[in-house]
Amino acid sequence: ALWTELVFALFGSLPGAAGLFFRSKLYPPLFAACGRNVLFGRNVTFRHPAKIRLGDNVIIDDNVLLDAKGTDNDGIRLADHVFIGRNTTIYCKNGDMTFASRVSVSANCTLVSANRLTLGAGTVLGGYCYLVSGGEYDYRDPTPFALQSGLKNAGELHVGANCWLGAQVVVLSGSNVGDHCVIGAGAVVTGDLPADSLALGMPARVVKSIPLPAGAAGPTSHG
């Protein structure tokens, strides 16, 4: 809508406390839902905000892109206390994304969904991580890649609760990472990883179990 574009254009790059104030007042009505105390950084780009839902105390840092593009998808849901680091791209290709409470996505990450992508409660992504749910090309199809839709799908992508993905980790379509996993920097996840695992390498392989501390209770994946 014209009003939405005008608000983003006038206040999206406004610096300092004034920018934070005006964005906090003018941005929330533009979304499908927006909780309390949401902080919007500078030069954040929102596409299809009517399909973006934000919980309480969400922080979206500078230069982030959130795009809920699609014809029949639900879009993007960020639960309470989610943090999205600067220069990160979160992009739907007619897919859906759900980030549970206290998910933290570091700077310069890319998350793409043509299907469904979920991150469980308390999960942390290091810088430059790349997660993709769907959107692949078919090398067996004689059609040139540039002429394919790029929406071939290997399945949903789920990362459980209380996981830590190191810097530059790649997680591909169809992967299912259990709760309380640690994925070493630069690893490439191509399938299922059981809960309480430390995984390294390309492709990622479990090298040891990492049981919870005594008396600790694991969070639920969709809390």
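Scanning segment 48-62 for residues that are outside any loop (DSSP other than H, G, I, E, B) and within 15 Å of the chain's Cα centre (by Cα) gives Lys51, Ile52, Arg53, Leu54, Ile59, Ile60. The set of residues in segment 28-56 that are touching a residue at least 40 places away in the same chain (Cβ under 8 Å) and under 10 Å from Leu78 (Cβ atoms) comprises Gly35, Gly55.
Taken together, the residues in segment 63-79 that are in a loop (DSSP other than H, G, I, E, B), charged (D, E, K, R) and either under 20 Å from Gln168 (Cα atoms) or in contact with a Leu (Cβ under 9 Å, 6 or more places away or on another chain) (or both) amount to 0.
Gly120 meets each of the listed conditions (1) over 10 Å from the mean Cα position of the chain (by Cα); (2) open to solvent by 10 Å² or more (accessible area, probe 1.4 Å) apart from (2). Scanning segment 128-172 for residues that are closer than 20 Å to Asn115 by Cβ, small (Gly, Ala, Ser) and surrounded by fewer than 19 Cβ atoms within 10 Å (Cβ to Cβ) yields Ser149, Gly150, Ala154, Gly155. The single condition from (1) small (Gly, Ala, Ser); (2) farther than 29 Å from Ala121 by Cβ; (3) open to solvent by 50 Å² or more (accessible area, probe 1.4 Å); (4) not in a loop (DSSP other than H, G, I, E, B) that Gly19 fails is (3). Kindly check whether there is at least one residue in segment 46-61 that is touching a Ser or Thr at 6+ places or on another chain (Cβ under 6 Å), surrounded by 15 or more Cβ atoms within 10 Å (Cβ to Cβ) and at pLDDT 95 or above. Checked segment 46-61: no residue is touching a Ser or Thr at 6+ places or on another chain (Cβ under 6 Å), surrounded by 15 or more Cβ atoms within 10 Å (Cβ to Cβ) and at pLDDT 95 or above.
The values are calculated or read from the model by the stated rules, or taken from the named source; none is laboratory data. The model shown is predicted, which means the values in this text are computed figures rather than measured ones. Glycine also receives a Cβ, built like all others from the backbone with ideal geometry; neighbour counts cover every protein chain displayed. In case anyone asks, the SASA skips ligands and DNA or RNA and just uses the protein heavy atoms, side chains included. Shrake-Rupley method; radii C 1.70, N 1.55, O 1.52, S 1.80 Å.
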